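Notes to accompany the following structure.
The values are calculated or read from the model by the stated rules, or taken from the named source; none is laboratory data. Because the structure is predicted, anything quoted here is derived from the model rather than measured. Note that each Cβ is placed from the backbone with ideal geometry, even for glycine, and that neighbours are counted across all protein chains shown.
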Amino acid sequence: MRTRKPPFVRSSELANGVIPDRSRFWQSSSPLEIAGETPSAPERQPGGDQAFGHHFGNFRLHPNAQTGLTPSLPPVIPFTSTHGITIQTQRTPGSSRPTLRQGSPHPEDIELLQERLNADGATPALEVDGIFGPLTDAATREFQRRHGLIVDGIVGPQTWGAINALERAGIAGPEDVLSGTRPVTAEQHLEVEQALHPNAQISGGSVTTPPMTGAGVGGEFEQHMIAALDTLITSRVNPENEMPASPDLMDPIREIADAAQQTVEDFYARYIVMASRTPTGSYHPGSFRIPLGDASTRPVSREYAAAWIDYFMSEPSYEPSQVLTDHHVDTSRDRPDRAEYTRVRDLYVSNDTRFRNVRNVIRGWPAEAGSGTVFIQPREYQGGIGRWSLFKTMMHEFLHLVTHPNYARAAAAVGGSARQALIEGFTDHFTLQVWRHVRDSLEANHTLRQRVEGNLFQPDLDPAILEDPSTYSQEAPERIVAAVGEENARVAYFMGHADLLGLGAGTRSEAPLTGIATWEPTDSDTAEQYTVHAGGETVAQIRERTNAATIMELDGTAVVDDTQRFAAGHRLRIPGIRWHRAIAEDTRAQVAGQHGITLEQLERANGWTHRRGDTPIPPGTRVLIPRH
Ligand SMILES: [Zn+2]
């Protein structure tokens, strides 16, 4: 049985007495993620968000109600023009640093660059001479390959940003950021399955749900779901949701967003900085600024509204999810379950009145990051405590933006309420960690307090600020972390290795997990197994490839004769080797860097001929990491 939690109420905001007559709007201040959306997916180019600058003119919903409240409602003005926000998402943290390329002047900046390239493992190490010659150019390009940047030898804002982020994170050189992870066992995989599907029954190593009830046009499922959605949505409709924010409400938001971003980046730096990413991704460490928008005037298409209905139907915190439980709807089953789920969702938003109501609720939502822009309803965050509430919310939203695209893809493929647990549940799992870290030193941290509180700062700390944010259910994340470990969870979430949550073969999902989540039941059994390459190998060759100290037969017999030759396919046990399951973004240089080894060591271990560091590794490939 699923234990149901009451709707969230942010007691800190209620205690603050802000807009007490609209307390229902605080029942959830957590935003959502849109199915299939990957905030840092390649197709979402920086600055490409049409939401910015979209002008709604004098568009009105419920004109009568609004006329009664505000006889002369001002025209909706794009958030960007009233708040001086530029559409670009790439900031220039190294704006004091000039753009460098081969032949550039600025010897002092070049010396700093050369020092950082050396710290990041430039081979051969550069002479720090302030001259940007061919060797510095080659090292710059290799650095760009390793960190998923455009490989052009030009040190501009993104490359400086990555250099600065590495420095801020205290990361020098290739770092074994995956050293704390462990392959997931078959038992742990099953525990994760149970945690993701609390309503299902386990039998014989698999998870099952009884058949769906009430399916069909006009059937009980449709009736109950639509009634539950109507109750939820109409209780949140308010004409004021669509009143644009006034500047005095919006002004502090930019600074609070920047402070929240920096806090999260610093706390999870080693994962974020070392994650594989593509040059076209919108997020790059040190050179990204959260794009912000005003929720009250945001564009909402019917398609987007349908994605929100998806969220309202599947998020376990809301009543409609009870209808799914009652009717045994298992959206990992195509028919009738998922077909019915989709039909009723689309039926809901196809009704004009219902669509307008949903749009109104979306515009009143405290914050949401599903499109890559964080839309804020500023009314939710007034006063000093409101600003801290926004800081906590912005940490959550920023975590959505640095959730690795491959993890987001895996969660979307799993779908349903399991997806909610993977996205919202884990986002709050990480929000709580970083918040509690900040909270414990907050009294003395006047810099951060002044940044967040702005003109409302007072030296005496209001204890209400120290409260944890309200969160999505932590039941599944806690259970999963207990099974696979915190390091696995972090590397899955920030670096995209869904296999480290045991997602893959045997995971119930709405869409195939092929190439996204590639865990296999044998992963932990074969963790230290080595398979002899084609053509056969001598013990000496195997030792060289794997850097083995000890080589054993599978029965534990030590292999001591270096001239002994094994046939292709023969299996041996080599303590200290490790396997890395490649994700779609992984390149050779990135994988080598993440394990603290050189590109050459990686290629030798896997019997690959030498290629450039930005050569992609096919997703799902098991890459041998030599002992190191
Ligand atoms: Zn969220």
Checklist entry - What number of residues within the stretch 80-122 satisfy the criterion of being under 24 Å from R168 (Cβ atoms), touching a Ser or Thr at 6+ places or on another chain (Cβ under 9 Å) and modelled with pLDDT under 90? => result 9
Checklist entry - So, of the residues in the stretch 590-612 that are in contact (Cβ under 8 Å) with a residue 60 or more places away in the chain and part of a loop (DSSP other than H, G, I, E, B), which turns out to be surrounded by the most Cβ atoms within 10 Å (Cβ to Cβ)? => result I597
Item to check | Selection count where residues are farther than 17 Å from R578 by Cα, of a type outside the set (A, V, I, L, M) and in contact (Cβ under 8 Å) with a residue 24 or more places away in the chain, scope the stretch 515-544 | outcome: 5
Next on the checklist: Within the stretch 522-532, does at least one residue satisfy the condition of being crowded, with 21+ Cβ neighbours inside 10 Å, touching a Leu at 6+ places or on another chain (Cβ under 6 Å) and under 23 Å from T621 (Cβ atoms)?
Outcome noted: yes
Checklist entry - Which of the residues that make up the stretch 485-508 are more than 16 Å from the chain's Cα centre (by Cα) and surrounded by fewer than 24 Cβ atoms within 10 Å (Cβ to Cβ)? => result G485, G504, A505, G506, T507, R508
Next on the checklist: So, M225, is that one at pLDDT 95 or above, more than 30 Å from V591 (Cα to Cα) and assigned to a helix (DSSP H, G or I) or not?
Outcome noted: yes
Checklist entry - Are there any pairs with C-beta distances below 8 angstrom linking a residue in the stretch 165-182 that is surrounded by fewer than 15 Cβ atoms within 10 Å (Cβ to Cβ) to a residue that is of a type outside the set (V, I, T) and assigned to a loop (DSSP other than H, G, I, E, B), with the two at least 6 apart or on different chains, and if so which? => result A172/D120; G173/D120; G173/G121; G173/G596; S179/G596; G180/G485
Checklist entry - Could you list, in sequence order, the residues of the stretch 398-412 that are more than 11 Å from the ligand (Cβ to nearest atom) and hydroxyl-bearing (S, T, Y)? => result Y407
Next on the checklist: Please go through the stretch 418-439 and give me each residue that is away from the ligand (no atom under 15 Å from the Cβ) and either touching a strand residue (DSSP E or B) at 6+ places or on another chain (Cβ under 7 Å) or more than 18 Å from W388 (Cβ to Cβ) (or both), ordered by number.
Outcome noted: A418
Checklist entry - Picking from R343, R379, which residue would you name as being part of a helix (DSSP H, G or I), away from the ligand (no atom under 16 Å from the Cβ) and closer than 22 Å to V217 by Cβ? => result R343
Next on the checklist: Can you tell me how many residues within the stretch 146-198 are within 21 Å of R490 (Cα to Cα) and of a type in the set (V, I, T)?
Outcome noted: 6
Checklist entry - Somewhere in the stretch 576-596, is a residue more than 20 Å from N488 (Cα to Cα) and over 27 Å from the mean Cα position of the chain (by Cα)? => result no
Checklist entry - So, in the stretch 374-401, of the ones that are β-branched (V, I, T) and crowded, with 24+ Cβ neighbours inside 10 Å, which residue ends up farthest from P618 (Cα to Cα)? => result I376
Next on the checklist: Would you confirm, using the coordinates I've provided, whether A464 is within 16 Å of the ligand (Cβ to nearest atom), of a type in the set (A, V, I, L, M) and at negative phi?
Outcome noted: no
Checklist entry - Are there any pairs with C-beta distances below 8 angstrom linking a residue in the stretch 428-455 that is crowded, with 21+ Cβ neighbours inside 10 Å to a residue that is among the small types (G, A, S), with the two at least 6 apart or on different chains, and if so which? => result D428/S30; H429/A489; V452/A259; E453/G384
Next on the checklist: Here's a check for you: in the stretch 188-202, which residue that is more than 16 Å from A498 (Cα to Cα) and in contact (Cβ under 8 Å) with a residue 12 or more places away in the chain is farthest from the chain's Cα centre (by Cα)?
Outcome noted: I202
Item to check | Test: G415 is on the phi > 0 side of the Ramachandran plot and away from the ligand (no atom under 13 Å from the Cβ) | outcome: yes
Item to check | Test for L232: is it part of a helix (DSSP H, G or I) and within 24 Å of P336 (Cβ to Cβ) | outcome: yes
Checklist entry - Give me the pairs: first residue in the stretch 366-379 and touching a residue at least 12 places away in the same chain (Cβ under 8 Å) and farther than 16 Å from T471 by Cα, second residue in a strand (DSSP E or B) and near the ligand (Cβ under 10 Å from one of its atoms), beta-carbon distance under 8 Å, and six or more apart or on different chains, which are they? => result V374/A367; V374/E368; F375/A367; F375/E368; I376/A367; Q377/A367
Item to check | In the stretch 137-159, the residues that are within 21 Å of T615 (Cα to Cα) and assigned to a helix (DSSP H, G or I) | outcome: D137, A138, A139, T140, R141, E142, F143, Q144, R145, R146, Q158, T159
Checklist entry - In this structure, is L117 crowded, with 21+ Cβ neighbours inside 10 Å and within 15 Å of D614 (Cβ to Cβ)? => result no
Item to check | Residue check for E475: touching a residue at least 40 places away in the same chain (Cβ under 8 Å), farther than 25 Å from R182 by Cβ and either surrounded by 13 or more Cβ atoms within 10 Å (Cβ to Cβ) or within 16 Å of the ligand (Cβ to nearest atom) (or both) | outcome: no
Checklist entry - Quick one: would you say D555 is assigned by TED's automatic domain parsing to the domain that holds A584, assigned to a loop (DSSP other than H, G, I, E, B), over 30 Å from R338 (Cβ atoms) and free of Cβ contacts under 8 Å to residues at least 24 places away in the same chain? => result yes
Checklist entry - Among the residues of the stretch 264-294 satisfying the criterion of being of a type in the set (D, E, K, R) and buried (at least 22 other Cβ atoms within 10 Å of the Cβ), which is nearest to L399 (Cα to Cα)? => result R277
Item to check | Which listed residue, of E127, E142, is in contact (Cβ under 8 Å) with a residue 40 or more places away in the chain, out of contact with any strand residue (DSSP E or B) (no Cβ under 7 Å at 6 or more places or on another chain) and under 23 Å from P174 (Cβ atoms) | outcome: E142
Checklist entry - Conditions: (1) at pLDDT below 90; (2) part of a loop (DSSP other than H, G, I, E, B). V184 meets all but one. Number of the miss? => result (1)
Checklist entry - Scanning for something among the polar types (S, T, N, Q), within 16 Å of the ligand (Cβ to nearest atom), crowded, with 24+ Cβ neighbours inside 10 Å and more than 30 Å from H327 (Cα to Cα), does the stretch 357-372 turn up at least one residue? => result no
